Amino acid sequence: MKKLLTLAALTLALILCAASALGATANASVVAPVTHQLTAPFSGMLKPFSLTIGDTVAEGELLLEMDTTPVYAQQAGIVAAVFAAEGDDAAGVMARTGALAFIEPALPLYIAASTQNAYDKDENRYIHAGETLYLKSGEEKGEGRVLSVSGSNYVVEILSGDYDLNDTIRCFRESDHEYKSEVGRGKAARFEDYAVAGQGRVAAVHVQPGDEVAVGDLLFELVDAQCPVGAPLTLNAPASGALTALYTVSGGQVMRGQLLAEITDLTELELSVEVDEIDLSRVAVGSMISYTLDAYPDEILSGIVSEIRPIGVRRQNAAYYDVRVSLPAGKVVYPGMNATAVIGE
């Protein structure tokens, strides 16, 4: 068997030598002339991804995804109104309505209280933010929490009890409402609705009027204000092929129109032959060129010249021109494979 392989190799070498005697040899490699580019539809951040160069992708496959800026509820309550819709410019909505949405607080009432009517004890005139007070208005009792203190005035959030606007409510330190523990009184008022704000273009709306929300619930998702209306957040492969270039990083910042990745079409490969300027006259579009692929060293192949690229590359006082040649059907080849071509045999 070894003798037969040696004989075959020797025969091929003789054929190549004979061809070389009639023509010149040139270095060549398999290239992929068709590439597809993926660009950022708008400025922003990319979500984390695991793509790497060399990955094989299918047409329509999700490759990258633009991240959004979330807007969370900072106040628990009921969504009273939603003014922003998908595609709206947040700044424009806020200029017109004052907010993207309004949330009625879950605890809507507070007491604008004062120590002026406190029982005449020094300790009753020192109120502390965060302390619990016991409330009473007529026979209605409840609890409250001090939110802020300014001199003799303080604000109490009403936690329990059935009170109406403008009710006069007395505040006590003792749960039995002992008169000597009274620290002041004031009228019931209503907190303003919480105004939801944001900057950019609205990509998604997650609430509607009447929804009950807790602190931290997702309300809106926003993207860059320059994002075209309807621009996709997902970036899918425009064609099947191999990922041959990646110009960003996982979770990275990108700019609108920035080139993010290149996909090479593996179904349209050809041979790129480096032809010396002195041999260029021996090549013409439509002519045949013989070559040997390193991956198939025992076969002499041939292809048709499809293009002679007119801009040469200078190396060591000589110019070399890129000549494209067709590849044989039925052979498994990949970009970057090396070959040796015979010019003008």
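Restricting to the range 157-175, count the residues that are over 14 Å from Tyr119 (Cβ atoms) and either among the charged types (D, E, K, R) or not assigned by TED's automatic domain parsing to the domain that holds Glu123 (or both). So that I can check it myself, show each step before the final result.
Within the range 157-175, the first condition is being over 14 Å from Tyr119 (Cβ atoms), and the residues that meet it are 157-169, 175.
With either among the charged types (D, E, K, R) or not assigned by TED's automatic domain parsing to the domain that holds Glu123 (or both) added as a condition, the list becomes 157, 162, 164, 167.
Total meeting the criteria: 4.
Any residue at all in the range 217-232 that is modelled with pLDDT under 95 and farther than 22 Å from Asp67 by Cβ?
no
Only one of (1) surrounded by 13 or more Cβ atoms within 10 Å (Cβ to Cβ); (2) touching a Phe, Trp or Tyr at 6+ places or on another chain (Cβ under 9 Å); (3) in the same structural domain as Ala91 (by TED's automatic domain parsing) fails for Ala242. Which number is that?
Result: Ala242 fails condition (3) only.
If you scan the range 308-335, which residues turn out to be assigned to a strand (DSSP E or B), basic (Lys, Arg), free of Cβ contacts under 8 Å to residues at least 40 places away in the same chain and surrounded by 10 or more Cβ atoms within 10 Å (Cβ to Cβ)?
Here is the first cut: in the range 308-335, the residues assigned to a strand (DSSP E or B) are 308, 313-315, 318-325.
Add one more test, that the residue is basic (Lys, Arg), and what stays is 314-315, 324.
With the extra rule that they be free of Cβ contacts under 8 Å to residues at least 40 places away in the same chain, the set shrinks to 314-315.
Within the range 308-335, just Arg315 meets the criteria.
Within the range 148-251, considering only strands (runs of 3 or more DSSP E) that don't extend past its boundaries, which have at least 2 residues that are over 22 Å from the mean Cα position of the chain (by Cα)? Walk me through it before giving the result.
Details: elements: 153-160, 168-172, 182-190, 194-196, 201-205, 218-223, 234-236, 241-246.
In the range 148-251, 153-160, 168-172, 182-190, 194-196 are the strands (runs of 3 or more DSSP E) which contain 2 or more residues that are over 22 Å from the mean Cα position of the chain (by Cα).
State which residue is nearest to Ala80 (Cα to Cα) when the search covers only the range 193-224 and only residues that are surrounded by fewer than 18 Cβ atoms within 10 Å (Cβ to Cβ) and touching a helix residue (DSSP H, G or I) at 6+ places or on another chain (Cβ under 7 Å).
Ala197
Within the range 252-287, which residues are part of a loop (DSSP other than H, G, I, E, B) and acidic (Asp, Glu)? Lay out the reasoning, then the answer.
Within the range 252-287, the subset part of a loop (DSSP other than H, G, I, E, B) is 252, 255-258, 265-269, 283-287.
Listed by number, the residues that qualify are Asp265, Glu268.
Considering each of Tyr179, Tyr163, Tyr247 in turn, give the residue that is surrounded by 19 or more Cβ atoms within 10 Å (Cβ to Cβ) and either among the hydroxyl-bearing types (Ser, Thr, Tyr) or touching a Pro at 6+ places or on another chain (Cβ under 7 Å) (or both). Give the steps one after another, and end with the answer.
On the way: Tyr179 fails: surrounded by 19 or more Cβ atoms within 10 Å (Cβ to Cβ); Tyr247 fails: surrounded by 19 or more Cβ atoms within 10 Å (Cβ to Cβ).
After ruling out the rest, the residue left standing is Tyr163.
Looking at (1) surrounded by fewer than 19 Cβ atoms within 10 Å (Cβ to Cβ); (2) over 30 Å from Leu165 (Cβ atoms); (3) not assigned by TED's automatic domain parsing to the domain that holds Val305, find the lone condition where Ala80 falls short.
For Ala80, the exception is condition (2).
Just wondering, is there one or more residues in the range 132-140 that are outside any loop (DSSP other than H, G, I, E, B) and under 22 Å from the mean Cα position of the chain (by Cα)?
Within the range 132-140, not a single residue is outside any loop (DSSP other than H, G, I, E, B) and under 22 Å from the mean Cα position of the chain (by Cα).
Output the qualifying pairs, or none if there are none: Cβ atoms under 8 angstrom, residues six or more apart or on different chains, first residue in the range 86-98 and in a loop (DSSP other than H, G, I, E, B), second residue of a type in the set (Lys, Arg) and at pLDDT 95 or above.
Gly87/Arg201; Asp88/Arg201
Can you name every residue in the range 50-77 that is on the phi > 0 side of the Ramachandran plot and assigned by TED's automatic domain parsing to the domain that holds Gly241?
Initial filter on the range 50-77 (on the phi > 0 side of the Ramachandran plot): 54, 60, 77.
Residues satisfying the conditions are Gly54, Gly60.
Given (1) within 42 Å of the chain's Cα centre (by Cα); (2) closer than 30 Å to Thr56 by Cβ, where does Gly303 come up short, assuming only one miss?
(1)
Yes or no: Ile304 touching a Gly at 6+ places or on another chain (Cβ under 7 Å), within 30 Å of Thr69 (Cβ to Cβ) and not hydroxyl-bearing (Ser, Thr, Tyr)? Outline the logic, then answer.
Values: touching a Gly at 6+ places or on another chain (Cβ under 7 Å): yes; within 30 Å of Thr69 (Cβ to Cβ): no; not hydroxyl-bearing (Ser, Thr, Tyr): yes.
No, not satisfied.
The values are calculated or read from the model by the stated rules, or taken from the named source; none is laboratory data. Note that the structure is a prediction, hence the values are computed from the model and not measured. All Cβ positions, glycine included, derive from the backbone under ideal geometry; neighbour counts span all protein chains shown.
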